[in-house]
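I have placed the structure first, in the form of structure tokens, so that the comments after it can refer back to it.
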Amino acid sequence: MKGDNVSEAALKAMITLLDDSDEEVVAHVTNQLLAFGSDIIPRLEHAWESLEDHGLQERVENIIHKIQFGLTRDALSDWLENSRHDLLQVMLIIARYQFPELSESKVRNHIESIRIDAWMEMNYYLTALEKVRILNHIFFRIHGFSGNTDHYNDPQNSFINKVLESRKGNPISLCVLYMIIAQRLHIPIYGVNLPQHFILAYLDDSEAAQKLPLELREPLFYINAFNRGMVFGRKEIDQFLQLIKLEPNERYYRACSTFDIVVRVFNNLISSFADEKKMDKAEEITQLRDMVQVYMSKRLGPGSGDIDLPF
């Protein structure tokens, strides 16, 4: 039976039973409501408004959240198996975990407005550095994006809709927005999975380089989106790795996959929710991250999903 076919009287009775002293009854009713899926959510939300018992309200909230989490899990599974692994699409899926009612068109339109502003300043004769200077001007000066240094570990920094609204984010969320806009302008800027600080690389886009896999294309230079688009070279990465006492590894200098980015965003969220003592959310995000890591292991081989690089 679909959720919209349940009578008001039946739904009210089921909600009342959520407060039953018999836990088996509560579990049975909960499973029934969960089985209705997303169809029942608007009616549960409406019923929640009329409830005076805060404990009962909390149980209804938990059921709504479980249904919405199932939708997020299904959307991520579809993205892994059936899509072209579009980065913006998966960032929207991640954002819907926390903001199930977010407007996808609003996010896309906001990004498109930034792209158009940058496109208006571009021409075919610009050098790679000149293109980045224009992107930096539009992204950081005109649209006002910056690193959220005051609330670095805030989970909001990982949700693309909130980053667009606040114009503040962590290193990876700013990099993701920056590279999405750049790639829509056919500028070869990609993420680099540097430990403790996600960065971007401007890749060689010569005809010969474009025939190579992404991870084998040579970076011309690097970009720190958390520091207003500062440009730097390989030597600075060497110095940073020495500072954090890590041996150089070629993957720290090369473009990473969309899967790597998604896992790292999830790692950030797990850490952020754990810092806020929201362990239920941290556990749910862990489940989502594990889905990606299992897929990576199956597609790319054992060990490929073993990425644990926060922020």
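Laid out as a table, the results:
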{"item": "Dipole-positive endmost among I116, V265, L11 within the chain (Cβ charges, Cα centre)", "result": "I116"}
{"item": "Gaussian network model of the chain, Cα within-10 Å springs - most flexible of N123, N157, N268", "result": "N123"}
{"item": "Whether segment 211-270 is rounded, prolate or oblate, judged on the alpha carbon gyration tensor where a/c under 1.5 counts as rounded", "result": "rounded"}
{"item": "Between 0 and 90°, nearest 10: helix 258-275 axis offset from the chain longest Cα axis", "result": "60 degrees"}
{"item": "Residue pairs, from the table K235/K278; K131/K211; K235/K277, whose Cα atoms sit over 29 Å apart", "result": "K235/K278; K235/K277"}
{"item": "Computed lengthening from D86 to E23, 0.36 nm per intervening residue step minus Cα-Cα distance", "result": "18.4 nm"}
{"item": "Selected from S166, S77, S113 as most flexible by GNM, with the chain as the system and alpha-carbon contacts under 10 Å", "result": "S113"}
{"item": "Least to most buried among I94, I187 (fewest other Cβ within 10 Å first)", "result": "I187, I94"}
{"item": "Ordering of 9-19, 47-57 by packing [mean C-beta count within 10 Å, highest first]", "result": "9-19, 47-57"}
{"item": "Two-site label geometry, D290 and H151: point separation in nm, points 7 Å out along Cα→Cβ", "result": "3.0 nm"}
{"item": "Order of T30, T149 - criterion: other Cβ atoms within 10 Å of each residue's Cβ, fewest first", "result": "T149, T30"}
{"item": "Length added when fully stretched, Q242-D78, from 0.36 nm per residue minus Cα-Cα", "result": "55.0 nm"}
{"item": "Electrostatic dipole magnitude of the chain [Cβ: Lys, Arg +1; Asp, Glu -1; Cα centre; debye, to 20]", "result": "1520 debye"}
{"item": "Solution diffusion estimate, µm²/s, Stokes-Einstein, the chain, Kirkwood Rh from C-alpha pairs, 37 °C, viscosity 0.692 mPa s", "result": "153 µm²/s"}
{"item": "Among M179, M230, M120, residue whose mean-square fluctuation peaks in a GNM of the chain (springs only between Cα atoms under 10 Å)", "result": "M120"}
{"item": "Listed residues L220, Y295, N157: farthest to the positive end of the dipole of the chain (Cβ charges)", "result": "L220"}
{"item": "MRE, 222 nm, helices only [DSSP H, n ≥ 4, -39500 (n - 2.57), over the chain, to nearest 500]", "result": "-17500 deg cm²/dmol"}
{"item": "Using alpha-carbon coordinates, inclination of helix 8-17 to the longest axis of the chain, degrees", "result": "90 degrees"}
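FYI, it's all coordinate maths here, none of it is from the lab. In this text, all values refer to a predicted model and were calculated from it rather than measured experimentally. Backbone-built Cβ (ideal geometry, glycine too); neighbour counts: all protein chains shown.
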